[in-house]
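Enquirer: Once you've had a glance at the structure underneath, I'll fire off some questions.
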Amino acid sequence: MKLFNITFLFFLSITVGFAQNSINGKVVDSQNEPLPFANIILYKIGDEANPKGTTSDDNGNFKFQNIGNSKYKITVSMLGFETKNIKEFLLNGDKTINITLKEESQTLDEVVVTAKRPVIKQTAEKLIVDLEKSEMINTSLQDVMRKVPGVLVTNNGISIAGNRGVRILINGKTTRYMDVETLLRDFPADNIAKIEVVEQPGAEYEASGSGAIINIILKKNVRLGTHGTVNSWIGEDNGFEYGTGISLASYKNKLNWQTSLRHSKPTWRDDLSLVRTVGNETYNQVTREPYNPNNLTFSANVDYYLSDKHSIGIGGQWNRRKSDRIATSKTVVSDTNSSNVLFSENTFDRDRKNFNINPYYEYKSDTERLIVDFNYIDYVNDSKNTLSDVSGSTISFTDRRYIQDGKYNIKTYKADYSKSYSDNFKLSFGSKYAKVKTDSDLQSFTENLTNGFDLDVDESSRFVVDESIFAVYSKINATFGKWSFSGGLRYENSNTDGTSYFTKNGQPTVEIKKRPIKKIFPSASISRKLNDVLGASLSYSYRIQRPSYNSLNSFATYLDPYSAGEGNPNLKPSFTNNYQFNLTYEGQPFFTIGYSKTDDVIFELIKQDNTTAQIRQQEVNVENNSNWNFRLFAPLSFVKGLEGYTGIIVTNTDYQSSTFGVDLNKWNLFWFVQANYKLPWDINFELSGNYGTGALEGQIEVDWLANLDVSLGKKFLGDKLKVNLGINKVLNRGFVGTIDYGNGIASVESNGSRQNVQLRLTYSFGSKFGKKKTRRNSAKEEENRIDSNN
């Protein structure tokens, strides 16, 4: 009998320890009206750092499931109402808790909640920049990116720790066929909820890429009623520029929709100066290339909530960019006895359009989430450029014309599932299938005797790619006391067929190159809380960089009379091993060491032919590439009234190839600062700057460079109107450096137009400023804490 009692008590203790209970209830106001989108946060006593959260539905109901026996407390909050705290209680069975929230005594206009800078959190896999509570006076994605520690925004794009191979995603979807320059300048910051800088992508991400992933997570409309924003901007860069846009959103009953329309016509200019020696002659070339594209974007999405756990939706976007410009070049060829000049123009006429549609289904409970979606992209890029000499030249040149029509079609099917078995263990797995078809038709023409153009069949080609990629992955997240672990495996099976149609020796020729790849890509991270403020993590990922489709086409197109770009049909994928160590202080980035080793890195090789004086740019596989980076960050809050970050980044880049004679190694240091300061009359002053001792941009060794941007912002009309004056490129040295061709050295200077001034206005309207509706808004603070480790 004693043995029986012991056994019974043992099994009873197991049953009690693993009991799964539920907590449900309803949130109402003092008139017993239901309050949707109230935040309900459940804290387990002794483990308050890992709360569970949910929001009330349209009827004010909420529910927590699979809750173990223990002691808990609850906090309920909502904008416009006093926060209510439910005292500690013991849970040993299902429990119902109904909550009544009292209105705050002050009016909405008296409630001021500001955060001058975004909330930043560093995990082992990614850096999370939460913009929900940031004032975000500046209203473009480019301004937002300057707020991210370690991200440098310059004329040549975005770099992280010296690596420019950065991929941008929007809600996890590719922007591969979008115009990134326009995206940075035009995308409104008010639409962004979070930015994730993923330097060690987990198994849920595509294995493609050698640099970091920037995932832009857009805000989901959670406000009842209808509201929107209108924004406009004007500026001066390489001429007058402007843009405008409107966005609308509505949430009524179970239907939630958002739509936006944007138009812009920015201006800028790229200047290139190149001085090189060919034999006993010096070639001094100066090129100016102005840009003034006409951009139009329309987007919309609709969500319908079938129940509190099931929802369906569809989203879509259409973009068009038309650009016509004339790049002018002057090349002086001289020796000790003579000097000649070639004036030339390259006239561009480009029209690019892309359309995508993305239907989805989502199931979400307290412990499970399933997302099934389909994404379709149709992209067209048609271009014509004519390269010709100009009167006054003393060097003859045969004019050329290129007409290239590109069509791209992508279909992606994806399913992701995750389940939390407890607060300390989560399992995720999923699958993806992508089908890509591209068709690029290049027609090359040369000038005839009547000043017309004849088709040059030997220099023309058509290149068709048919690619399929199948992937499956699994991943676990586990926590053991102060330790956290994340690990996953991703298997990708890709088959790429490239077919070239061209004329060889007067005969139509077809060449097919097949590139099958089957690989497993592991990723893992482990982190530990060292004490109340310090944390450390170590992470690893293995990735692939596939060649771009156009880079596989072997035919050349002239950029100016003396240089041309050429494809490489023998280009192979590169594979990278990434390692990273992070030290955090109160969850913020503090110190980072990163190392990557890439085999067969894709490298833009620049060669000079001393016989023809021609320069050729071609992507090749360089056998060995390694990169070290050391980063130290510090907040500026120790200065009274100042918010922001400063830091230094030290990098070492090394390229080695016996095949192409590449031997490059360079150390450089970057210092950066991003600061906010509140001036009198509630004017927000922002400053972003950086200085670098140099850089290795592929084959170009760059000398010191610097950049400085400032802006002033203020809110009017009860925060409905935001006004911002930005002065970019106050200090902008650009790229000044040298290129070693192997048989000669050239000095190069690449720079954009100087100072850019922009005045931006954003006006918000609708029910989000009505008190009755605003009380239904969710104050996302606790939810962001919970979701930050997803």
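Enquirer: Let me check against my output: what whole-number percent is the relative contact order of region 462-614, with C-alpha pairs under 8 Å and at least 6 apart?
Expert: About 17 percent, as a whole number.
Enquirer: Evaluate the relative contact order of the chain (contact order divided by residue number), counting alpha-carbon pairs under 8 angstrom at least 6 apart; express in whole percent.
Expert: Numbers: 2200 pairs, mean separation 87.5, N = 790.
For the chain, the relative contact order is 11 percent.
Enquirer: Let me ask something else about it. What does the helix-only formula give at 222 nm for the chain: each DSSP H stretch with n ≥ 4 adding -39500 (n - 2.57), the total divided by the residues, and the result rounded to the nearest 500 deg cm²/dmol?
Expert: Rounded to the nearest 500, the figure is -1500 deg cm²/dmol.
Enquirer: I would also like to ask the following. What's the angle, to the nearest 10 degrees (0 to 90), between helix 2-17's Cα axis and the longest principal axis of the chain?
Expert: Relative to the chain, helix 2-17 is tipped by roughly 50 degrees.
Enquirer: Next up: Cα extents of region 483-545 along the three principal axes, largest first, in whole Å?
Expert: Principal-axis extents of region 483-545 (Cα, largest first): 75, 20, 9 Å.
Enquirer: Related question: How are the Cα pair distances of region 433-545 distributed, in percent, across 10 Å bins from 0?
Expert: Taking all Cα pairs of region 433-545, the binned fractions are 11, 23, 19, 16, 13, 10, 6, 2, 0 percent.
Enquirer: For region 323-426, state the semi-axes of the equivalent ellipsoid (square roots of 5 times the eigenvalues of the alpha-carbon gyration tensor), sorted largest first and rounded to whole angstrom. Show your work: numbers first, answer last.
Expert: Values: eigenvalues 663, 69, 16 Å².
Its equivalent ellipsoid spans semi-axes of 58, 19, 9 Å.
Enquirer: Another question, then. Relative contact order for region 294-382: what percent, with Cα pairs under 8 Å and sequence separation of 6 or more?
Expert: Working: 179 pairs, mean separation 24.4, N = 89.
Computed over region 294-382, the figure is 27 percent.
Enquirer: Quantify how much of the Cα-Cα distance distribution of region 449-509 extends past 16 Å, in percent.
Expert: Value for region 449-509 (Cα pairs over 16 Å): 72 percent.
Enquirer: Going down the table (LYS71/LYS121; LYS52/LYS121; LYS73/LYS194; LYS26/LYS475), which pairs top 24 Å between alpha carbons?
Expert: Working: LYS71/LYS121 29 Å; LYS52/LYS121 18 Å; LYS73/LYS194 29 Å; LYS26/LYS475 35 Å.
Distance filter (> 24 Å) returns LYS71/LYS121; LYS73/LYS194; LYS26/LYS475.
Enquirer: At q = 0.12, 0.14 Å⁻¹, what log₁₀ I(q)/I(0) does region 512-612 have when each alpha carbon counts as one equal point scatterer in the Debye sum?
Expert: Computed log10 I(q)/I(0) values: -0.65, -0.75.
Enquirer: Further question on the same structure: If you filter region 36-79 for chymotrypsin sites (Phe, Trp or Tyr not before Pro), then keep DSSP loop positions with at most 16 other Cβ within 10 Å, what is left? Intermediate results must be reported in sequence, preceding the final value.
Expert: Values: sites: PHE37, TYR43, PHE62, PHE64, TYR72; in loops: PHE37.
The qualifying sites: there are none.
Enquirer: Here's a follow-up. Quick check: residue separation of SER391 and PHE685 times 0.36 nm, minus the Cα distance between them. What number comes out in nm?
Expert: 100.8 nm
Enquirer: Starting from the Cα of ALA613, step 7 Å along the direction of its Cβ; do the same at SER307; then give the gap between the two resulting points in nm.
Expert: Distance between the two pseudo-spin positions: 7.7 nm.
Enquirer: Estimate the FRET efficiency between ASP94 and ASN424 by the formula 1/(1 + (r/R0)^6), using the beta-carbon distance for r and 22 Å for R0, to the nearest 0.05.
Expert: On the way: r = 23 Å, r/R0 = 1.03.
Working from the Cβ atoms, E equals 0.45.
Enquirer: Regarding the chain, what are the three Cα extents along the principal axes, ordered largest first, in Å?
Expert: 107, 67, 46
Enquirer: Okay, next question. Have a look at SER329, TYR655, ILE520 and report the one farthest towards the positive end of the charge dipole of the chain, computed about the Cα centre with Cβ charges (Lys/Arg +1, Asp/Glu -1).
Expert: It is ILE520.
Enquirer: Same structure, new question: Farthest toward the dipole's positive end in the chain, which of SER273, ASN409, THR479, given Cβ charges of +1 (Lys, Arg) and -1 (Asp, Glu) about the Cα centre?
Expert: THR479
Enquirer: In debye to the nearest 20, how big a dipole does the chain give about its Cα centre with +1 on each Lys and Arg Cβ and -1 on each Asp and Glu Cβ?
Expert: 3040 debye
Enquirer: A follow-up question, please. So how many Å³ per residue does the convex hull of the Cα atoms of region 623-739 work out to?
Expert: About 127 Å³ per residue, rounded to a whole number.
Enquirer: With Cβ to Cβ distances under 15 Å as the rule, what net charge do the other residues near LYS71 carry (K, R +1; D, E -1)? Numbers along the way, then the final one.
Expert: Details: positive: LYS44, LYS52, LYS73, LYS87, LYS95; negative: ASP47, GLU48, GLU88, ASP423.
Local charge sum for LYS71: +1.
Enquirer: Can you pull out the trypsin sites (Lys or Arg not before Pro) in region 309-382 that DSSP calls coil and that have at most 16 other Cβ atoms within 10 Å?
Expert: Within region 309-382, the qualifying trypsin sites (Lys or Arg not before Pro) (loop, at most 16 other Cβ atoms within 10 Å) are LYS309.
Enquirer: For GLU368 and SER232, what is the calculated FRET efficiency with R₀ set at 45 Å and r taken between the beta-carbons, to the nearest 0.05? Before the final figure, lay out each step's value.
Expert: Values: r = 44 Å, r/R0 = 0.98.
Here the calculated transfer efficiency is 0.55.
Enquirer: For region 382-476, report the translational diffusion coefficient in µm²/s to the nearest whole number, using Stokes-Einstein at 20 °C, 1.002 mPa s, and a Kirkwood Rh over Cα pairs.
Expert: Translational diffusion coefficient: 119 µm²/s.
Enquirer: Can you list the residues, at least 5 places off or on another chain, whose amide H is less than 5 Å from the amide H of ILE192, using H built in the peptide plane?
Expert: For ILE192, the qualifying residues are LYS219.
Enquirer: If you don't mind, another one. Kirkwood Rh and Cα-based Rg: tell me the resulting Rg over Rh for region 250-407, rounded to two decimals.
Expert: 1.27
All of the numbers you see were taken from the coordinates with simple rules; none came from a lab. Since the structure is predicted, the reported quantities are computational estimates derived from the model, not experimental observations. Here Cβ is always computed from backbone atoms with ideal geometry, including for glycine, and neighbour counts include all displayed protein chains.
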